[in-house]
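Asks: My questions will all concern the structure given below.
The values are calculated or read from the model by the stated rules, or taken from the named source; none is laboratory data. Model, not experiment: these values are computed from the prediction. Positions of Cβ are backbone-derived with ideal geometry, glycine not excepted, and every protein chain shown enters the neighbour counts. Surface areas here come from the heavy atoms of the whole protein model, side chains and all, with no ligands, DNA or RNA. Shrake-Rupley method; radii C 1.70, N 1.55, O 1.52, S 1.80 Å.
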Amino acid sequence: MGKDVGVAEHGSFTAKDYHDPPPTPLIDAEELTKWSFYRALIAEFIATLLFLYITVLTVIGYKSQIDTTAAHGGDQCGGVGILGIAWAFGGMIFVLVYCTAGISGGHINPAVTFGLFLARKVSMVRAIMYMVAQCLGAICGVGLVKAFQRSYYKNYGGGANELADGYSTGVGLSAEIIGTFVLVYTVFSATDPKRSARDSHVPVLAPLPIGFAVFMVHLATIPITGTGINPARSLGAAVIYNQKKAWDDQWIFWVGPFIGAAIAAFYHQFILRAGAVKALGSFRSSSHV
């Protein structure tokens with residue numbers, strides 16, 4: 001009896017029809033007339049604001065706790081440590097993606113938005129407006145940190161991303177490319193509609209691997225660049241901190257993540273999902289007509 005049930009269940013999965021949703025229109029001006037679009041923009045703005053507020057506060061708090069020259073007498077082994085900072089970034093992404101996925105998709109990162117745009121998951125209009133909302137949210141989030149912690153803010157680097165001493169520009173750029181690839185590749189895999197059709201529990205779990213990807217990348221790259229992998233995060237901190245080093249290195253935190261996102265989008269769509277084979281097959285069939 002159990003065997004029959006197993007066969008029946010297996011058969012129901014294999015028989016389930018699945019069709020990829022059609023690509024999103026490149027330019028969809030109709031979105032501008034829908035309240036759901038503006039609600040999504042607000043969700044991206046608030047989520048990125050909260051993300052930067054919590055994570056930059058964590059970074060500054062850690063640096064103040066280990067500062068042995070400070071009046072309060074810091075402890076070199078005190079604070080949350082790099083592990084705690086990585087948990088703050090990964091944990092906040094997990095929470096915020098969980099909260100906003102049903103409203104805006106929970107991007108909270110221009111690189112993620114860019115990757116999804118290249119895969120035709122979002123229109124150009126939505127992609128551009130998301131990036132604007134994310135950058136404004138990041139600036140406001142760091143602005144709140146400075147407003148509430150003015151005495152600590154500039155003394156401890158303002159949470160700005162900068163290339164660490166001893167590392168070349170190439171190493172920093174590579175760290176950002178590979179780190180963003182890991183993140184965006186995880187986003188594509190965790191939100192793959194084909195996988196969702198096969199395994200109904202996947203959408204519920206999607207924020208978890210995305211948060212873990214952010215956590216793991218931070219562990220690896222905090223010593224190199226402070227970990228960007230999110231242009232809005234880097235821009236928001238640079239705008240409020242407004243120091244030369246942060247601005248000089250800013251391009252690394254845009255070029256690297258966008259390249260990493262583009263590679264991840266290509267890898268998932270054309271290698272893992274065999275998009276290239278489908279495109280080649282349709283080209284061959286049309287050439288025989």
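Asks: Please go through the stretch 79-94 and give me each residue that is among the β-branched types (Val, Ile, Thr) and more than 13 Å from the chain's Cα centre (by Cα), ordered by number.
Replies: Step one: filter the stretch 79-94 for residues among the β-branched types (Val, Ile, Thr), giving 80, 82, 85, 93.
Selection gives Val80, Ile82, Ile85.
Asks: On to the next question. Within the group Gln269, Gln243, Gln250, which residue is modelled with pLDDT of 95 or more and of a type in the set (S, T, N, Q)?
Replies: Working: Gln269 fails: modelled with pLDDT of 95 or more; Gln243 fails: modelled with pLDDT of 95 or more.
From the options Gln269, Gln243, Gln250, the qualifying one is Gln250.
Asks: How do the pairs read when you match residues in the stretch 23-37 that are of a type in the set (Gly, Ala, Ser) with residues anywhere that are open to solvent by less than 50 Å² (accessible area, probe 1.4 Å), using Cβ under 7 Å and keeping only pairs 6 or more apart or on different chains?
Replies: Close Cβ pairs (under 7 Å, with a partner that is open to solvent by less than 50 Å² (accessible area, probe 1.4 Å)) amount to Ala29/Val125.
Asks: Looking for something of a type in the set (S, T, N, Q) and free of Cβ contacts under 8 Å to residues at least 12 places away in the same chain - is there at least one such residue anywhere in the stretch 76-87? Spell out how you get there, then give the answer.
Replies: Step one: of the stretch 76-87, the residues of a type in the set (S, T, N, Q) are 76.
Right, trim to free of Cβ contacts under 8 Å to residues at least 12 places away in the same chain and you get 76.
Taking every residue of the stretch 76-87 in turn, at least one turns out to be of a type in the set (S, T, N, Q) and free of Cβ contacts under 8 Å to residues at least 12 places away in the same chain.
Asks: Of all residues in the stretch 218-227 being in contact (Cβ under 8 Å) with a residue 60 or more places away in the chain and at negative phi, which is surrounded by the fewest Cβ atoms within 10 Å (Cβ to Cβ)? Walk me through how you get there before you give the answer.
Replies: Of the residues in the stretch 218-227, the ones in contact (Cβ under 8 Å) with a residue 60 or more places away in the chain are 218-219, 222-227.
Filter once more, keeping what is at negative phi: 218-219, 222-225.
Values: His218: 22, Leu219: 17, Ile222: 18, Pro223: 13, Ile224: 17, Thr225: 24.
Looking at the filtered set, the residue picked out is Pro223.
Asks: Just name the residue that is least open to solvent (accessible area, probe 1.4 Å) out of those in the stretch 149-165 that are without any contact (Cβ under 8 Å) to a residue 40 or more places away in the chain and more than 16 Å from Asp248 (Cα to Cα).
Replies: Restricting to residues being without any contact (Cβ under 8 Å) to a residue 40 or more places away in the chain and more than 16 Å from Asp248 (Cα to Cα), the top hit is Ser151.
Asks: So, of the residues in the stretch 96-131 that are among the hydrophobic types (A, V, I, L, M, F, W, C) and part of a loop (DSSP other than H, G, I, E, B), which turns out to be nearest to the chain's Cα centre (by Cα)?
Replies: Looking only at the stretch 96-131, we keep the residues that are among the hydrophobic types (A, V, I, L, M, F, W, C), and these are 96-97, 99, 101, 103, 108, 111-112, 114, 116-119, 122, 124-125, 127-129, 131.
Applying the additional criterion that residues be part of a loop (DSSP other than H, G, I, E, B) yields 101, 103, 108, 119, 122.
Numbers: Ala101: 13, Ile103: 16, Ile108: 6, Ala119: 15, Val122: 15 Å.
Filtering first and then ranking leaves Ile108.
Asks: Among all residue pairs at least 6 apart or on different chains, which show Cβ distances below 6 Å where the first residue, located in the stretch 171-193, is among the polar types (S, T, N, Q) and the second is surrounded by fewer than 19 Cβ atoms within 10 Å (Cβ to Cβ) and in a helix (DSSP H, G or I)?
Replies: Thr186/Pro209
Asks: Given the residues Leu144, Leu118, which is the only one that is open to solvent by 60 Å² or more (accessible area, probe 1.4 Å) and over 28 Å from Pro223 (Cβ atoms)? Outline the logic, then answer.
Replies: Working: Leu144 fails: over 28 Å from Pro223 (Cβ atoms).
After applying the criteria, what remains is Leu118.
Asks: Which residue is modelled with the lowest pLDDT, if the candidates are limited to the stretch 187-217 and must be open to solvent by 70 Å² or more (accessible area, probe 1.4 Å) and hydrophobic (A, V, I, L, M, F, W, C)?
Replies: Among those that are open to solvent by 70 Å² or more (accessible area, probe 1.4 Å) and hydrophobic (A, V, I, L, M, F, W, C), it is Val204.
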